[in-house]
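The next block holds one structure in the form of structure tokens; read it before the comments.
The values are calculated or read from the model by the stated rules, or taken from the named source; none is laboratory data. All figures in this text were calculated on a predicted structure; none of them were measured in a lab. Using ideal geometry, Cβ is built from the backbone for each residue, glycine included, and neighbour counts are taken over all protein chains shown.
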Amino acid sequence: MIVVSLKTAAALVIGNEILSGKIGEENLVVLARVLRPLGIRLQRVVMVEDVIETIAHEVRSLSATYDLVVTSGGVGPTHDDVTVEAVGLAFDAQVMSHPHLEAMIRGHYGSRCTEGHLRMALVPTGASLETTESVSWPTIRMRNVWLLPGVPEIFRLKLGVLRENLGLAGPAFVTHAVYTQMDEGHLRPLLDAIVAQFPDVEVGSYPKWHHDSYKTKLTFDGQQPAQVSAARDAFVALLPEGEPQDYSE
């Protein structure tokens, strides 16, 4: 397990197919939901095309600014999978075939193994190969940058490796929600009062159009459970008498 203090994270989503709309992005929401129970806030997301220099520039910048960087996409066997080379360029590291990864790939594909498959054994010099008991196929980590596949099913699997290796980085984020029939215009002064009273609690307001059960969902987030609960309860106390409410944890 990697024992470090992590508070902030950024994601770098890589792929022409995302920016062209050919493929829908599915990994960010899963990443955020994995990080928050670990006490890590996903603060920035960048999307770029499959261009080595562009990816390298963003990796270098994000790695210097955030505690944790997770990339999504570009680690497969085809010509447009250039993330590993870009990460090597970002850190001035040579990219070479890793003997352990190459052996695993050759063992998996056997006589069907091609040069394309072996591209997936490329690793920047100095990188670590992270695994868990349940996921033996390594995930590349270069300093604070984790290289994950873009395929949603595999991305989720690899997130398990990241989660287990990071452990609990800090107090987990907790969330409470209140659902009301009031619209945001009428809720504004109530929310302003709560924001002023509880500066350490993040308050969100999300309207829902044409929904039978509620008009606005209010969320209260933070890393101090007592404060989050108090902010929620203080908001509920400000609601007009008779206003229907539905609570969720």
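Below are the figures for this structure:
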{"item": "Selected residue [closer than 16 Å to V145 by Cβ, assigned to a helix (DSSP H, G or I) and modelled with pLDDT of 95 or more] from A103, A93, A56", "result": "A56"}
{"item": "Residues within segment 133-190 that are of a type in the set (S, T, Y), touching a Leu at 6+ places or on another chain (Cβ under 8 Å) and in contact (Cβ under 8 Å) with a residue 24 or more places away in the chain, tallied", "result": "2"}
{"item": "Of all residues making up segment 120-140, the number that are out of contact with any Lys or Arg (no Cβ under 6 Å at 6 or more places or on another chain) and surrounded by fewer than 18 Cβ atoms within 10 Å (Cβ to Cβ)", "result": "10"}
{"item": "Identity of the residue in segment 75-97, within 16 Å of A64 (Cβ to Cβ) and surrounded by 14 or more Cβ atoms within 10 Å (Cβ to Cβ), that ends up farthest from the chain's Cα centre (by Cα)", "result": "A93"}
{"item": "Any hit, segment 17-28, residues being under 12 Å from G150 (Cβ atoms), among the polar types (S, T, N, Q) and touching a Gly at 6+ places or on another chain (Cβ under 8 Å)", "result": "yes"}
{"item": "Where P37 falls short, out of the listed (1) out of contact with any helix residue (DSSP H, G or I) (no Cβ under 7 Å at 6 or more places or on another chain); (2) more than 19 Å from N144 (Cβ to Cβ); (3) modelled with pLDDT of 95 or more; (4) not β-branched (V, I, T)", "result": "(3)"}
{"item": "Pick from segment 30-46, criterion within 14 Å of T175 (Cβ to Cβ) and outside any strand (DSSP E or B), ranking: nearest to the chain's Cα centre (by Cα)", "result": "A32"}
{"item": "Residue in segment 106-146 that is nearest to K158 (Cα to Cα), counting only those that are charged (D, E, K, R) and part of a loop (DSSP other than H, G, I, E, B)", "result": "E133"}
{"item": "Residue satisfying condition, being touching a residue at least 24 places away in the same chain (Cβ under 8 Å) and among the β-branched types (V, I, T), within set V87, V29", "result": "V87"}
